[in-house]
Each structure stands twice: as C-alpha cells, then as structure tokens.
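Quick notes on the structure that follows.
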Amino acid sequence: MAAYPGLVLDPYRPWAHPVGLTPSSPLSTAASLFAEALAEDGVSPNTVAAFEADLRLFAEAVGGDRPISEIDEGHVERFRDFLVGERGVSCSPSSLRRRLTAVQSLFRHLLSEGLVQANPVTSTNCEKATVRRQRGDLLDESEAEALTRAARAESERGDWRPLLLVGLLLGTGISKAECLALHVTDVDLEAGTITVGSGDRQRSLPLNPEVVEAYQRYVESHRGEGKLFDCTGRNLEYVLTRLGRAAEMSRNPSFRVLRATAAARLQQTGAGNAEVAGRLGISRHTWPALRRRIRRATSQ
C-alpha cells in the first residue's frame with residue numbers, strides 16, 4: 001500500500017475522546033484516538049492497522065509522550081533519518097512515503113480541530129532522505145565547518161547548547177551515551193579538559209577554547225551540579241538535525257557521524273591506532289570496524 005487514500009473522518013461526527021484532546025496531549029494518545037475514529041468511520045481494518053504501525057514508528061523516533069503542539073518539521077526530518085539510516089531495516093521510497101502520509105493525515109485532522117498550529121509534514125517526497133543515506137559516514141572539513149557556523153549563529157542568539165554539543169562531539173569523539181552521562185562538574189576549566197566515561201574507559205580529554213567558552217556561557221543558566229545536558233538523547237539528536245538543515249547539509253550529522261569524523265581528524269594529525277582508540281574510549285576489538293568505516297567514507 002503506497003498511501004492512505006481513505007484516511008478522512010466524517011466531518012459531522014466529533015472524533016475527540018470524551019475527556020478531550022488538548023495541545024499538550026501526548027502524540028501516542030492522539031494517534032490512538034484518531035485510529036479508533038478511523039475504524040468507527042468504516043476505514044478497513046488492514047488500513048487502520050498499517051496506519052497504527054506507522055504512527056508507532058513515528059512515536060518511537062520522536063517520543064510518544066511528546067505534546068502534539070511541540071511537533072514540528074524538525075521532528076519529521078528526524079523520522080526520515082530514523083527510517084532511512086538508523087532503524088537498521090530497509091525502507092523503500094514507497095514505504096517512506098506511506099509513513100510520512102500517515103503522520104501528515106494525523107496532523108491534518110489535529111490542525112482542523114485547532115489542536116496544532118501547522119502540519120509538520122509539508123512534503124512526502126523521499127528524495128532528500130535517500131540522498132542523505134548514500135553520502136557515507138563522515139563529514140568533510142567544509143561540512144564540519146558549516147555545522148559549526150550554524151551552531152555559532154545560535155550562540156549569537158543566546159543559545160550556547162548547540163555550539164557546546166557540536167564542539168564536544170567533533171573535538172572529542174565521545175559517544176551519545178557518554179555525552180548524556182556528562183555532569184556539569186566534569187569540566188576542569190583551569191586545565192581545559194573534560195572527564196568522560198567510567199571504569200577502565202574513563203579518560204580526560206582536552207577542549208579547545210571555543211568549547212570552553214561555550215561551556216562557561218551555557219552553565220551560566222544552569223546550576224553548578226547535575227547533568228550537563230539535562231534532556232533526552234532524542235532532544236540532542238534533534239539539535240543536530242536542526243543544525244544540519246541550517247547548514248544546508250545533504251546528510252544528518254548524527255552522533256555516529258560526528259564520532260567517526262572526530263576519529264578521522266585524529267588520524268589526520270598523525271595519531272596511531274592505539275591513541276585514537278584510547279581517546280574514543282573503544283576497545284582494540286571495536287576500533288578496526290570504525291577504521292574500516294572511515295576508510296570507506298574517505299574513499300568515496
């Protein structure tokens with residue numbers, strides 16, 4: 001099934017749940033209620049089941065507890081990236097188009113009910129995501145600089161988190177899990193370093209002056225303890241996706257891509273295999289696979 005031609009509710013019958021939906025209602029709740037209403041309006045069970053499955057994937061990618069009023073085009077881009085490059089399951093252009101249509105149909109009705117201000121799916125074209133998938137696992141220096149410029153632009157508007165995040169990832173190559181585990185007190189301003197990891201993978205990594213400044217400005221609005229990034233991994237992934245769009249990149253600058261880019265940069269400075277593996281906190285068994293990814297990307 002390439003699309004959902006029958007996803008139209010009876011305009012004369014209210015479809016909202018008895019307790020009512022509001023702009024702050026979770027995505028998963030709105031999707032479930034809309035699917036129930038479609039079934040009541042006579043849409044075939046197979047179509048409703050496919051719709052529900054596609055909306056569950058959307059909720060998995062952007063967060064089922066996310067308020068419907070907060071979902072925007074960035075979350076749809078995150079969904080594209082999840083389906084094409086991160087889920088680990090092949091997604092044909094027709095399947096991608098159908099899944100985007102499911103999200104578009106849901107928000108068309110939310111918009112008609114006055115529960116959201118706009119439909120976040122402006123196009124179900126899958127060409128952009130397909131190109132992004134084909135571009136490999138590494139940013140070249142022009143792309144890395146464009147991404148950094150986009151983050152600097154946000155810092156000039158008072159939001160230092162993007163510049164801190166991009167600077168950390170490109171400068172240290174830390175993983176998403178390590179990034180989310182960071183505490184405000186892990187940065188040593190006097191030494192210009194950050195302590196990352198735990199156990200035998202704990203290490204102290206140098207920070208460049210721009211990252212140190214971004215950290216100082218960022219923590220001015222945070223307490224002096226607790227998590228450095230007090231949000232979910234999906235929130236940080238959305239920050240990277242948004243910066244990629246601002247930088248007009250043809251691929252998503254994910255944690256995985258920035259980690260590989262940081263490793264490649266280390267290699268280019270003359271660092272040996274053991275040093276690169278140590279800086280990234282990976283085992284000697286893991287490093288060869290990453291090294292092969294870097295070689296494939298640089299040879300494209």
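The values are calculated or read from the model by the stated rules, or taken from the named source; none is laboratory data. Remember, predicted model here, so these are calculated numbers, not experimental data. Please note: Cβ atoms are built from the backbone with ideal geometry, for glycine as well, and neighbour counts cover all protein chains shown. Calculation scope for accessible area: heavy atoms of the full protein, side chains included, ligands and nucleic acids excluded. Shrake-Rupley method; radii C 1.70, N 1.55, O 1.52, S 1.80 Å.
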Worksheet item: Which of rounded, prolate, oblate describes region 32-104, given a ≥ b ≥ c as roots of the alpha-carbon gyration tensor eigenvalues and a/c under 1.5 marking rounded, otherwise prolate only if a/b is larger than b/c?
Response: oblate
Practice prompt. State, to one decimal in nm, how far the label point of GLN117 lies from the label point of GLU36, with both points 7 Å from Cα in the Cβ direction.
Written response: 2.9
Response to the item:
Checked against the positive end of the charge dipole of region 23-125 (+1 on Cβ of Lys and Arg, -1 on Cβ of Asp and Glu, about the Cα centre), the farthest of ALA35, VAL121, SER25 is VAL121
Worksheet item: Peptides 206-214, 255-263: what's the order by average Cβ count within 10 Å, highest mean first?
Response: 255-263, 206-214
Fill in: Spin-label pair ALA274/ALA181, simplified geometry with 7 Å Cα→Cβ offset, distance in nm
2.4
Item to complete: Give me the distance in nm between label points sitting 7 Å out from Cα along the Cα-to-Cβ direction at GLU248 and ASP65, one decimal.
Response: 4.0
Practice prompt. Rounded, prolate or oblate: pick one for region 187-296, where a ≥ b ≥ c are the square roots of the eigenvalues of its C-alpha gyration tensor, a/c under 1.5 means rounded, and failing that, prolate if a/b is larger than b/c, else oblate.
Written response: oblate
Response to the item:
In whole Hz, the Karplus estimates of ³J(HN,Hα) for region 94-109 (6.51, -1.76, 1.60; θ = phi - 60°; x where Gly or Pro) are 5, 5, 4, 4, 5, 5, 5, 5, 4, 5, 4, 5, 4, 6, 4, 6
Practice prompt. Grab the Cα-Cα distance for GLU145 and ASN46, subtract it from 0.36 nm times how many residues apart they are, and report the gain in nm with one decimal.
Written response: 30.9 nm
Worksheet item: Summing Lys, Arg as +1 and Asp, Glu as -1, what charge do residues with Cβ under 11 Å from the Cβ of PRO120 carry, PRO120 excluded?
Response: -2
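Per residue, how many Å² of accessible area does region 32-108 show with a 1.4 Å probe?
39
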Discussion item. Could you work out how much longer the chain between THR29 and GLU73 gets when fully extended? Use 0.36 nm per residue separation minus the Cα distance between them, nm to one decimal.
Written reply: 13.8 nm
Fill in: Carbon + sulfur, % of accessible area of region 163-242 - ligands and nucleic acids excluded, 1.4 Å
46
